[in-house]
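See structure below.
The values are calculated or read from the model by the stated rules, or taken from the named source; none is laboratory data. Predicted model only: the values in this text are computed from it and were never measured. Please note: Cβ atoms are built from the backbone with ideal geometry, for glycine as well, and neighbour counts cover all protein chains shown.
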Amino acid sequence: MSTGYQIKDQSAPYFLTLQIVNWIDVFTRKVYKDIIIDSLKFCQRVKHLEIYGFVVMSNHIHLIARSGSDDLSGLLRDFKKFTSKKITEVVDSPQESRRKWMLKLFEFEAMKRKKVNKMQLWTHENHAIELYSNAFIIEKLDYIHANPVKVGIVEYPEQYLYSSARNYAGLPGVLDIVELSRAISTY
């Protein structure tokens, strides 16, 4: 197992990338993105997740976050477990035209691993990079906000609804964040 991207300091801020197995484009539909947003809101409210930046792309999520309860690994584990269950329930509905294809891929990934029972939605890695300086934090925030522009979803970062770029531009966002101007001085 790789140790390059492990969460070592459970209370530090991290740049995180959570990806869907085989880079399957799950988050092309609003219902799946909303499951992610609702789950992140729950983690903020109940599990003390502090989010400084985020974007939900078609097959992965980027976060700049830290755990206020000093258990970022446990929080991410629970988030992935819950969202995996909710998303696969919605995928396994007659409304999902890609149902058979997606479920087959999730089942195939689960068969590769002893610990996964039936289906695997998320990869096991969190691609966690500890944020060690203000400049590095800003670099990662800019990277997150540029994602939807780079792939041609929007022309300007703040136009993408499922991104904290809206919050930083003073527009209403789908998720409350801790703006870096207030948080950055604590690191």
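Here are a few things to note about the model shown:
- Tallying residues that are of a type in the set (Gly, Ala, Ser) and either surrounded by 12 or more Cβ atoms within 10 Å (Cβ to Cβ) or in a helix (DSSP H, G or I) (or both) within the stretch 93-126 yields 1.
Results for (1) of a type in the set (Gly, Ala, Ser); (2) modelled with pLDDT of 95 or more; (3) under 13 Å from the mean Cα position of the chain (by Cα); (4) within 28 Å of residue 181 (Cα to Cα), shown as yes or no for each residue.
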{"residue": "2", "(1), (2), (3), (4)": "yes, no, no, no"}
{"residue": "5", "(1), (2), (3), (4)": "no, no, no, yes"}
{"residue": "16", "(1), (2), (3), (4)": "no, yes, yes, yes"}
{"residue": "20", "(1), (2), (3), (4)": "no, yes, yes, no"}
{"residue": "47", "(1), (2), (3), (4)": "no, yes, no, yes"}
{"residue": "51", "(1), (2), (3), (4)": "no, yes, yes, yes"}
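- For the stretch 11-66, filtering for residues that are charged (D, E, K, R) and within 17 Å of residue 127 (Cβ to Cβ) leaves 1.
- Residue match in the stretch 135-147 (condition: assigned to a helix (DSSP H, G or I), modelled with pLDDT under 95, among the small types (Gly, Ala, Ser) and surrounded by 15 or more Cβ atoms within 10 Å (Cβ to Cβ)): no
- Residues (acidic (Asp, Glu) and within 15 Å of the chain's Cα centre (by Cα)) located in the stretch 139-182: 176
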